[in-house]
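Participant: What follows is a single structure, and I will ask about it in a moment.
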Amino acid sequence: MKEQYAVLPAIMALFVLFTSCDGGGSFFSASGSTNEVIVIMDKNAWEGAAGRALFGVLNSNVKAIPQPEPNFRVVQLTPDNFTSTFKVARNVIIPEISDIYSYPKLTADLDKYAMGQVIMNIHAPDTASFIQFVTENKESIIDYFISKELERNAKYLMTQSKEPIARVKQVFDINIHFPKGLPNITEHENFYWATNNAPRGRQDIVIYQFPYTSETVFERDSLIGIRNRVLGEYIKGSFDSQMTTTTVYSPDYRKMETDGLFRAELRGLWEMSSDMMGGPFVMHAFANENTGMVVVVEVFVYAPEMNKRNLMRSLESTLYTISIPEREGEKES
């Protein structure tokens, strides 16, 4: 039953990833604000065409957010100011434009000065090739840093909550760790809903399952139809409204592999059918071979008149704590 998705390692094709141990970096954890990227570049280059191109990539809008919000807060430092204080930053980009390079490329140092740190190096022989390269690889650069933020946040969630949510493991046979502060629980058969039920900055996690039939269930339109049916039945609002997927924004869709688990991801906007409520959501769907079920885990927020990027990314990290429990005897085999 295992899905043989054609997962394209686009990011890995671009990056030569290596871990560098440098003078005790492993003793410190990477610091700084989440969703912040520090660019090490001299003032003239930063204010020139190369710097503006890189800033445009990092400052581009987050996908599937109702109002425009930048992907990252961007901080520029000159090489002289890249001192020990900043060398433990979470996300760093070091561009180098020099004729010693014959073509543009990306490399990344992991955990160089601190655990959990990513330093991306962008090399190019000249300004024109640098601009073309970062522009053409915009999505990969952004996705790489976002994935690292989600992985860090997921590790933090797992340290905050040592054990997976017991009820979810019992019903769905998956391990998952929730952030704190989601005390309101609603359950139906094969359906679990946790929320903080806040009037502002509301965060929700929904989990549901159904029998696996064929791999077509993981296709984009199928997943949209399933979420509209299930969430429309169980999540109601005022004026007889029900949750549905917004049609004015076509959800982003991809197939991916995380920790050996193949998943289909939807990222889009939700709304209530006859109400003014709405916001962003991210869904991961995957097959649980232990149970023969398709499990869907979805996170969404309702935060009118608030920025939503950080709310969503902190909640989306929950999806990266998911694993399938090993059955007795699997380790030995």
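Participant: Pairs, please: C-beta under 6 Å, at least 6 apart or cross-chain, first residue under 22 Å from F218 (Cα atoms) and basic (K, R) and in region 235-254, second at pLDDT 90 or above and part of a strand (DSSP E or B)?
Facilitator: Correct list of pairs: R254/E265.
Participant: Among the residues of region 167-184, count how many are surrounded by fewer than 20 Cβ atoms within 10 Å (Cβ to Cβ), under 23 Å from N288 (Cα atoms) and touching a residue at least 12 places away in the same chain (Cβ under 8 Å).
Facilitator: Count: 6.
Participant: Identify, please: which residue in region 185-209 is more than 22 Å from Y302 (Cβ to Cβ) and surrounded by fewer than 18 Cβ atoms within 10 Å (Cβ to Cβ) and is, among those, farthest from the chain's Cα centre (by Cα)?
Facilitator: Per the stated criteria, the residue is E189.
Participant: With the structure loaded, tell me whether V88 is at negative phi, among the β-branched types (V, I, T), surrounded by fewer than 20 Cβ atoms within 10 Å (Cβ to Cβ) and in contact (Cβ under 8 Å) with a residue 60 or more places away in the chain or whether it fails that test.
Facilitator: yes
Participant: From the set of residues in region 98-128 that are buried (at least 19 other Cβ atoms within 10 Å of the Cβ) and aliphatic (A, V, I, L, M), which is farthest from K155 (Cα to Cα)?
Facilitator: A124
Participant: Looking for something over 22 Å from T127 (Cα atoms), of a type in the set (V, I, T), out of contact with any Phe, Trp or Tyr (no Cβ under 8 Å at 6 or more places or on another chain) and surrounded by 15 or more Cβ atoms within 10 Å (Cβ to Cβ) - is there at least one such residue anywhere in region 20-41?
Facilitator: Yes, region 20-41 contains at least one residue that is over 22 Å from T127 (Cα atoms), of a type in the set (V, I, T), out of contact with any Phe, Trp or Tyr (no Cβ under 8 Å at 6 or more places or on another chain) and surrounded by 15 or more Cβ atoms within 10 Å (Cβ to Cβ).
Participant: I've got another one for you. Residues that are more than 16 Å from L54 (Cα to Cα): list the strands (runs of 3 or more DSSP E) wholly contained in region 83-157 that include at least 2 such residues.
Facilitator: 105-110
Participant: So, of the residues in region 158-178 that are in a loop (DSSP other than H, G, I, E, B), modelled with pLDDT of 95 or more and not aliphatic (A, V, I, L, M), which turns out to be farthest from F300 (Cα to Cα)?
Facilitator: Step by step, filter region 158-178, then rank; the result is D173.
The values are calculated or read from the model by the stated rules, or taken from the named source; none is laboratory data. What you see is a predicted model, and the numbers here were worked out from it, not measured in a lab. Using ideal geometry, Cβ is built from the backbone for each residue, glycine included, and neighbour counts are taken over all protein chains shown.
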